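Below is one structure, written out as structure tokens, with a few remarks after it.
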Amino acid sequence: MITRAPRGTKDVLPDESYKWHYLENIIREITDLYGYKEVRTPVFEHTELFVRGVGETTDIVQKEMYTFLDKGERSITLKPEGTAGAVRAYIEHGLHSVAQPIKMYYITPVFRYENPQAGRLREHHQFGIEVFGAKEASLDAEIITLAMKLFERLGLEGLELNINSIGCPQCRPKYHEALKNYLEAHLDDLCPTCNTRYGKNPLRILDCKNKECGVIVEGAPIILDYLCEDCDTHFKRLQALLSAASIDYKINPMIVRGLDYYSKTVFEIISTQIGAQGTVCGGGRYDGLVKECGGPDVPGAGFGLGLERLLLALESQEIEIPQESGRDLLFVTIGEEARQKAFELLQTMRANHILADMDHVGRSVKAQFKYADKANVAWVCILGEEELKSNMVKIRSMKDGKEELISQDRIINYLDKREGAVK
């Protein structure tokens with residue numbers, strides 16, 4: 001068993017890591033354009049942070065967290081999502097005292113104990129946006145626009161933006177009352193989890209994945225009919241801003257998201273091409289979360305996006321991710337003295353940003369050339385006894401096989417003037 005990764009985890013091997021580099025580079029370009037800066041939080045936090053921040057009635061807290069006692073008998077949890085840690089960092093470092101809003105992003109592993117499925121592992125990776133200190137609907141529209149811009153840049157099609165408002169602490173109690181009145185007659189038919197939610201947070205019943213519960217809530221009251229004036233105005237502004245940005249959307253009153261901290265705006269971006277679990281991005285507003293976690297009363301909004309699911313969506317649409325370039329140069333050596341000289345020249349090449357390498361396996365000359373071909377090397381520099389005596393190298397293009405004898409101190413200049421080297 002020690003030679004197999006734990007169930008629900010997956011290695012990213014060297015020959016596929018270029019896909020992750022590609023995604024991460026585009027993410028960083030777009031977040032920089034929108035004025036977001038990276039935050040890196042610990043991979044584990046105190047368990048209470050997630051209980052208070054994520055919500056004790058959520059599936060994450062009730063069923064999915066990796067929680068353990070450390071050697072000091074403190075309850076510690078591997079982060080199941082990224083928002084709570086960002087909130088804790090915002091509070092701990094007093095970021096509310098600097099110019100608002102604070103616009104953050106992260107790329108982080110997250111951990112959930114659930115049945116592994118396509119694009120969703122027990123350890124997966126999440127790109128997230130978190131903004132603190134901005135209450136206007138323009139911020140909600142901005143984070144949605146950022147996500148849609150990312151998908152557009154990647155060439156993804158068949159995406160559907162679903163939006164909803166789940167109100168605020170002022171108007172939601174009236175909706176809770178109406179929802180509970182409706183559900184009361186169906187309690188015997190609800191799953192055990194939803195029976196527990198009925199008393200604590202009935203809104204979460206709308207998010208249940210149980211088919212029987214899904215049929216029941218189809219006739220439930222719609223929260224949009226219970227919004228207060230402020231929430232209604234906020235939601236209408238969001239719609240107007242999305243339309244101004246030429247972003248198509250669908251109002252879906254059944255979206256509540258799976259976390260207790262949301263208020264007002266919630267949204268999901270769904271792919272129609274990766275099966276039943278097609279949500280590739282989800283988020284919304286969480287105006288009371290910072291205060292709930294012990295900080296000041298400041299608004300917040302954000303989203304989370306699974307990178308594994310994003311890669312799956314790209315694969316399903318046969319969108320090819322460009323491979324990283326191979327080596328510019330490989331030294332092919334004959335004899336130990338030539339190997340030592342090649343190692344010396346390697347340092348000069350790399351100091352001048354030439355992607356150079358040499359054989360470290362002890363291959364024959366023929367095998368070194370075969371390796372150069374497989375490794376997509378642009379040029380080889382052949383070093384043997386004759387070349388050492390004359391301080392020369394024989395440089396060969398792997399594209400057309402043409403060779404030229406040049407002095408060792410002219411290698412960099414030679415490559416600068418020809419295609420095939422990355423500078």
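Those residues that are within 30 Å of LEU159 (Cβ to Cβ), in a helix (DSSP H, G or I) and not aliphatic (A, V, I, L, M), I need them from segment 304-350; list them, please.
GLU308, ARG309, GLU315, SER316
Search segment 41-63 for residues being hydroxyl-bearing (Ser, Thr, Tyr) and touching a Ser or Thr at 6+ places or on another chain (Cβ under 9 Å), and hand back the single one that is modelled with the highest pLDDT.
THR41
Filter segment 293-338 for residues that are out of contact with any helix residue (DSSP H, G or I) (no Cβ under 6 Å at 6 or more places or on another chain) and without any contact (Cβ under 8 Å) to a residue 40 or more places away in the chain and give the result.
Once the filter is applied, which keeps residues that are out of contact with any helix residue (DSSP H, G or I) (no Cβ under 6 Å at 6 or more places or on another chain) and without any contact (Cβ under 8 Å) to a residue 40 or more places away in the chain, segment 293-338 yields GLU315, GLU318, GLU320, GLU336.
Keeping to segment 173-193, report how many residues are in contact with a helix residue (DSSP H, G or I) (Cβ under 8 Å, 6 or more places away or on another chain) and either of a type in the set (Ser, Thr, Tyr) or part of a loop (DSSP other than H, G, I, E, B) (or both).
Residues in segment 173-193 being in contact with a helix residue (DSSP H, G or I) (Cβ under 8 Å, 6 or more places away or on another chain) and either of a type in the set (Ser, Thr, Tyr) or part of a loop (DSSP other than H, G, I, E, B) (or both): 4 in total.
When the residues of segment 103-115 are narrowed to those that are open to solvent by less than 40 Å² (accessible area, probe 1.4 Å) and touching a Gly at 6+ places or on another chain (Cβ under 6 Å), which ends up farthest from GLN62 (Cα to Cα)?
Looking at the filtered set, the residue picked out is TYR106.
Mind checking which residues of segment 182-199 are closer than 16 Å to LYS211 by Cα and open to solvent by less than 70 Å² (accessible area, probe 1.4 Å)?
Those that are closer than 16 Å to LYS211 by Cα and open to solvent by less than 70 Å² (accessible area, probe 1.4 Å): LEU183, HIS186, LEU187, LEU190, CYS191, THR193, CYS194, ASN195.
Which pairs have Cβ atoms under 7 Å, sit 6 or more apart or on different chains, and link a residue in segment 39-53 that is more than 14 Å from TYR90 (Cβ to Cβ) and of a type in the set (Val, Ile, Thr) to one that is open to solvent by 30 Å² or more (accessible area, probe 1.4 Å) and not in a helix (DSSP H, G or I)?
Final answer for the pair search is VAL43/LEU78; VAL43/PRO109; THR47/THR67; THR47/SER75.
Which pairs turn up if I take residues in segment 374-400 that are more than 16 Å from GLU344 (Cα to Cα) and of a type in the set (Phe, Trp, Tyr) and look for partners that are modelled with pLDDT of 95 or more and buried (at least 21 other Cβ atoms within 10 Å of the Cβ) with beta carbon separation below 6 Å, at least 6 apart in sequence or on another chain?
TRP379/LEU329
Condition test on PHE235, is it open to solvent by less than 30 Å² (accessible area, probe 1.4 Å), touching a Leu at 6+ places or on another chain (Cβ under 9 Å), among the hydrophobic types (A, V, I, L, M, F, W, C) and not in a helix (DSSP H, G or I)?
When the stated conditions are applied, PHE235 does not pass them.
Which of the residues spanning segment 14-40 are open to solvent by 70 Å² or more (accessible area, probe 1.4 Å), in a loop (DSSP other than H, G, I, E, B) and modelled with pLDDT of 95 or more?
Passing the criteria: only ARG40.
Check TYR286 against each of (1) open to solvent by 10 Å² or more (accessible area, probe 1.4 Å); (2) modelled with pLDDT of 90 or more; (3) more than 25 Å from LEU314 (Cα to Cα) and name the one condition it does not meet.
(1)
The values are calculated or read from the model by the stated rules, or taken from the named source; none is laboratory data. As the structure is a computational prediction, the values presented were derived from the model and not from experiment. Ideal geometry is used to build each Cβ from the backbone, glycine not excepted, and the neighbour counts take in all protein chains shown. Accessible surface areas use protein heavy atoms only, side chains included; no ligands, DNA or RNA. Shrake-Rupley method; radii C 1.70, N 1.55, O 1.52, S 1.80 Å.
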